[in-house]
1. Which is closer than 17 Å to GLN366 by Cα and not small (Gly, Ala, Ser), of TYR178, TYR169, TYR197?
2. Any chance you could count how many residues in the range 194-203 are within 24 Å of GLU154 (Cα to Cα) and open to solvent by 70 Å² or more (accessible area, probe 1.4 Å)?
3. Which of the residues belonging to the range 16-67 are among the aromatic types (Phe, Trp, Tyr) and within 23 Å of the chain's Cα centre (by Cα)?
4. Considering only residues of the range 74-101 that are among the polar types (S, T, N, Q) and at pLDDT 95 or above, which is surrounded by the fewest Cβ atoms within 10 Å (Cβ to Cβ)?
5. Residue under question is SER186, and the condition is that it be under 20 Å from THR282 (Cα atoms) and free of Cβ contacts under 8 Å to residues at least 60 places away in the same chain; does it hold?
6. Suppose we filter GLU316, GLU331 for residues that are among the acidic types (Asp, Glu), touching a helix residue (DSSP H, G or I) at 6+ places or on another chain (Cβ under 9 Å) and at pLDDT below 95; which single one remains?
7. Could you look through the range 107-124, keep only residues that are of a type in the set (Val, Ile, Thr) and either open to solvent by less than 10 Å² (accessible area, probe 1.4 Å) or not in a helix (DSSP H, G or I) (or both), and pick out the one that is farthest from PRO179 (Cα to Cα)?
8. Given the criterion over 15 Å from TRP249 (Cβ atoms), under 16 Å from the mean Cα position of the chain (by Cα) and in contact (Cβ under 8 Å) with a residue 24 or more places away in the chain, identify the matching residue among ILE70, ILE131.
Amino acid sequence: MVQAESLQHFGKGGREEDQTYFDPSAPPPFKIADIRAAIPKHCWEKSTLRSLSYVLRDVLVVTALVAAAIGFNSWFFWPVYWPVQGTMFWALFVLGHDCGHGSFSNNSKLNSFVGHILHSSILVPYNGWRISHRTHHQNHGHVEKDESWVPLTEKVYKNLDNMTRMLRYTFPFPIFAYPFYLWNRSPGKEGSHFNPYSNLFSPGERKDVVTSTLCWGIMLSVLLYLSLTIGPIFMLKLYGVPYLIFVVWLDFVTYLHHHGYSHKLPWYRGQEWSYLRGGLTTVDRDYGWINNVHHDIGTHVIHHLFPQIPHYHLVEATKAAKSVLGKYYREPQKSGPLPFHLLKYLLHSISQDHFVSDSGDIVYYQTDFKLQKDSWTKSN
């Protein structure tokens with residue numbers, strides 16, 4: 001038994017409930033050129049020095065935290081160190097993400113160098129990820145062609161083995177998915193971000209993938225060496241736990257970019273899909289104090305439509321674009337200092353958004369009520 005709803009409403013309070021009667025799948029009355037024209041020209045300008053200053057800031061914080069952890073090495077300090085350092089690993093990822101988009105600077109060699117350093121340090125294969133992420137942006141909102149947190153069709157969903165189904169739809173397993181995605185992609189898709197012959201990549205991209213896989217291997221070797229030198233338990237505390245928290249941040253944020261809005265949002269196929277309509281299904285989120293730490297990655301709609309805009313101009317660009325976007329822009333619910341309010345959207349979506357129809361050019365997530373009944377994340 002399944003459930004299909006074009007609009008769904010839940011929760012009390014907050015601004016994510018204001019569009020009950022708006023059909024988000026209706027073709028927008030504006031073009032992407034209209035949005036572009038509304039954004040101030042200086043928002044497109046990249047400052048290499050400014051971008052590097054964010055790298056310097058984050059690297060200094062990460063280094064200071066490592067020094068403090070080594071100095072204190074106390075069970076009173078570790079519970080403070082882990083979430084803070086894990087969040088900083090996530091901040092490093094976002095800066096490497098900007099390198100991958102070319103919004104870091106106009107120098108492609110600098111972007112590649114900085115991107116490799118930042119992403120390799122947190123065990124992300126830079127070019128492998130960069131290429132698949134480009135595919136995600138080029139096909140956002142497309143059921144078959146999108147790459148990130150893509151919905152499963154009913155046929156693929158029903159063919160999942162019980163273990164895979166449990167891991168994908170039972171909290172907290174989905175927020176630890178990223179390393180597995182890098183190795184095997186998502187259910188229904190084949191390939192690996194480490195394999196230059198994966199169908200993720202064209203023959204001309206294989207050399208880039210090899211380079212990133214080698215950098216990833218060097219970092220892994222360094223971590224293994226340090227584990228043998230200073231002890232695996234200490235390295236687990238110093239690097240392993242922050243790495244896991246970084247993974248949680250990455251999965252939490254990227255999932256909520258495309259899921260968990262209070263009304264169900266459309267996914268497209270065929271003639272109904274366009275770059276603009278797909279991009280308009282993304283969702284902005286407010287992360288409170290974390291907005292500045294993770295470089296405003298929650299300001300995501302304009303980023304998805306125009307990934308070449310540097311992160312430090314996204315807030316201004318979004319404000320300017322709202323007059324064009326109208327109801328197609330969904331105001332994020334304001335956060336407290338920390339974004340605990342987003343947990344309800346994550347849990348609700350995991351318990352409700354299971355698959356989409358095998359047919360139809362405009363589809364919405366449907367619910368497997370049997371799985372929902374057995375899920376730890378059943379909504380109240």
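The values are calculated or read from the model by the stated rules, or taken from the named source; none is laboratory data. Bear in mind the structure is a predicted one, so any value in this text is a computation, not a measurement. Here the Cβ is made from the backbone with ideal geometry for all residues, glycine too, and neighbour counts use every protein chain on show. Note: areas computed on protein heavy atoms with side chains; ligands, DNA, RNA excluded. Shrake-Rupley method; radii C 1.70, N 1.55, O 1.52, S 1.80 Å.
1. Numbers: TYR178 fails: closer than 17 Å to GLN366 by Cα; TYR197 fails: closer than 17 Å to GLN366 by Cα.
None of the other options fit; the residue is TYR169.
2. The initial filter retains those residues of the range 194-203 that are within 24 Å of GLU154 (Cα to Cα), namely 199-200.
Okay, now just the ones that are also open to solvent by 70 Å² or more (accessible area, probe 1.4 Å), so 199.
Residues that pass the stated criteria total 1.
3. Of the range 16-67, the ones among the aromatic types (Phe, Trp, Tyr) are 21-22, 30, 44, 54.
Those that are among the aromatic types (Phe, Trp, Tyr) and within 23 Å of the chain's Cα centre (by Cα): TRP44, TYR54.
4. Initial filter on the range 74-101 (among the polar types (S, T, N, Q)): 74, 85, 87.
Within this subset, residues satisfying the condition of being at pLDDT 95 or above are 85, 87.
Details: GLN85: 24, THR87: 19.
Of everything passing the filter in the range 74-101, THR87 is surrounded by the fewest Cβ atoms within 10 Å (Cβ to Cβ).
5. Details: under 20 Å from THR282 (Cα atoms): yes; free of Cβ contacts under 8 Å to residues at least 60 places away in the same chain: yes.
Yes; evaluated as a whole, the condition is true for this residue.
6. Working: GLU316 fails: at pLDDT below 95.
Answer to the selection: GLU331.
7. From the range 107-124, those of a type in the set (Val, Ile, Thr) are 114, 117, 122, 124; that's our starting set.
Imposing the further condition that a residue be either open to solvent by less than 10 Å² (accessible area, probe 1.4 Å) or not in a helix (DSSP H, G or I) (or both) reduces the set to 122, 124.
Values: ILE122: 11, VAL124: 9 Å.
For the range 107-124, the residue satisfying everything is ILE122.
8. Values: ILE70 fails: under 16 Å from the mean Cα position of the chain (by Cα).
The unique qualifying residue is ILE131.
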